[in-house]
């Protein structure tokens, strides 16, 4: 992993900055996160429609400042995203710096809808494809973990379902290497209601925080509810981290027990008692999907 990081972080001495206005035709805003804006754009060089992500300069600096003491410099979102090649991970074609010193990513444009929208509406698309979406997101995260990263922000907002009803994981802004110095206590980043207890308590973290966030996301996909009562602020989340989650089987009585057990084990407070890898968690979910397809 260390050799991989050294190779990944080798940057050219001279950075050719890109003039966004001349390179791209910005068509419409398609998304905005806490640290970025995403545009539907026509890339005049590639001669195709793309998703152009522009990172806020000051917010990116504040995030990077958390890691200035690290021996191994934190990779940028672009440096991580450009290495990822998986059918359920959005493809990144290019990354760099604009003439305004913004980091940018040029990604495939995914025509579709956010998973958070499907969680909210619980329509026929969600009902008919829910378990497949669960497995596809799990496979994307399993792949990401195999590349030795921690995502740190798995939630419905960072997932898109495309026009062919295939799932895509789309955001890697908070991801860090899965190595000891980045697992050290103290780095609390992510979306509050999907944070694992050890992350909230500022204890040591590893890829199991993503497994927890994935389990929360799956629970929400089936119930339109979070596993714990209360608000969505970090203060509210802190109040219930020692409480057991709601019983998924009671909320969805006809749900395959294999799915229930997989999700509930992913929500266990102690990391040692949780699923240790995404591959382990995916096994019963894949079995349940196979059984569903056979019916």
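Key figures for this structure:
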item	result
Residue match in the stretch 146-167 (condition: under 12 Å from the mean Cα position of the chain (by Cα), assigned to a loop (DSSP other than H, G, I, E, B) and surrounded by fewer than 23 Cβ atoms within 10 Å (Cβ to Cβ))	yes
Which listed residue is in contact with a strand residue (DSSP E or B) (Cβ under 6 Å, 6 or more places away or on another chain), in the same structural domain as residue 184 (by TED's automatic domain parsing) and either over 19 Å from residue 175 (Cα atoms) or at pLDDT 95 or above (or both), from 270, 207	207
Meets criteria (under 15 Å from residue 243 (Cα atoms) and not assigned by TED's automatic domain parsing to the domain that holds residue 34) for residue 200	yes
Matching residues, the stretch 200-225, being assigned to a loop (DSSP other than H, G, I, E, B) and either in contact (Cβ under 8 Å) with a residue 40 or more places away in the chain or within 16 Å of residue 153 (Cβ to Cβ) (or both)	201, 205, 206, 207, 224
Identity of the residue in the stretch 233-244, in a loop (DSSP other than H, G, I, E, B) and within 22 Å of the chain's Cα centre (by Cα), that ends up nearest to residue 267 (Cα to Cα)	241
Neighbours by Cβ (under 6 Å, 6+ apart or cross-chain): first from the stretch 26-39, modelled with pLDDT of 85 or more; second buried (at least 16 other Cβ atoms within 10 Å of the Cβ) and not in a strand (DSSP E or B)	35/56; 35/173
Among residues of the stretch 174-196, those that are touching a strand residue (DSSP E or B) at 6+ places or on another chain (Cβ under 6 Å) and in a helix (DSSP H, G or I), counted	1
Residue in the stretch 94-110 that is within 15 Å of the chain's Cα centre (by Cα) and modelled with pLDDT of 95 or more present	no
Test: residue in the stretch 123-133 that is touching a residue at least 40 places away in the same chain (Cβ under 8 Å), exposed (fewer than 14 other Cβ atoms within 10 Å of the Cβ) and within 15 Å of the chain's Cα centre (by Cα)	no
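So that you can scan it fast, the table gives a plain yes or no per residue for (1) out of contact with any helix residue (DSSP H, G or I) (no Cβ under 6 Å at 6 or more places or on another chain); (2) crowded, with 21+ Cβ neighbours inside 10 Å; (3) more than 17 Å from residue 137 (Cβ to Cβ):
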| site | (1), (2), (3) |
| --- | --- |
| 216 | no, yes, no |
| 225 | yes, no, yes |
| 239 | yes, no, yes |
| 244 | yes, no, yes |
| 263 | no, yes, no |
| 270 | yes, no, yes |
| 280 | yes, no, no |
| 294 | yes, no, yes |
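The values are calculated or read from the model by the stated rules, or taken from the named source; none is laboratory data. This structure is a prediction, so every number in the text was calculated from the model and none was measured. Backbone-built Cβ (ideal geometry, glycine too); neighbour counts: all protein chains shown.
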